[in-house]
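One structure is given below, encoded as structure tokens.
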Amino acid sequence: MSEIYDQRCRNHREREAVARCPICREFYCRECVTEHLGRVICAKCLADDTPQSRKDRARPSIVRAGLAAVSVLVVWTCFFLLGRSLLMLPDSFHDGTVWSASDPLSFTVDEP
């Protein structure tokens, strides 16, 4: 890896780099970096570290959690309705007598 004195600014190729952003790991000149909370970081990483950008990054996780909750509710509703429909079937279906020989739709083969 080359030393910082061999590097050029990512934004201004004609200028020598004076710092490396600890977040994006790119090299920058004095004009492109700033000190924030005891760190020297680039303007792009500083903009990404604002409370608004943190809030924007948190939004997809809230959306995912909401979609997961809705998915669980939909699956539960499907199983609930399936159970209710099975309870509506007549007792003869559950006893196995619905498939008896008296059923006109049953097919029986007579032995010769």
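Here, each number is a calculation from the coordinates, and none is a lab measurement. Nothing here was measured: the structure is a model prediction, and the numbers come from that model. Virtual Cβ from ideal backbone geometry, glycine too; neighbours counted across all protein chains shown.
For E26, the amide hydrogen comes within under 5 Å of the amide hydrogens of C21, counting only partners 5 or more places away or on other chains and with H modelled in the peptide plane. Backbone phi angles across the range 62-79, fed through the Karplus curve with coefficients 6.51, -1.76 and 1.60 (θ = phi - 60°), yield HN-Hα couplings of 5, 5, 4, 5, x, 5, 5, 5, 5, 4, 4, 5, 5, 5, 4, 4, 4, 5 Hz in residue order; Gly and Pro are listed as x. Working from label points 7 Å from Cα in the Cα-to-Cβ sense, the N11 to D48 distance is 1.5 nm. Residue-wise HN-Hα couplings along the range 31-38, as the Karplus relation 6.51 cos²θ - 1.76 cosθ + 1.60 with θ = phi - 60° gives them from phi, are 6, 9, 10, 9, 8, 9, 6, x Hz; Gly and Pro carry x.
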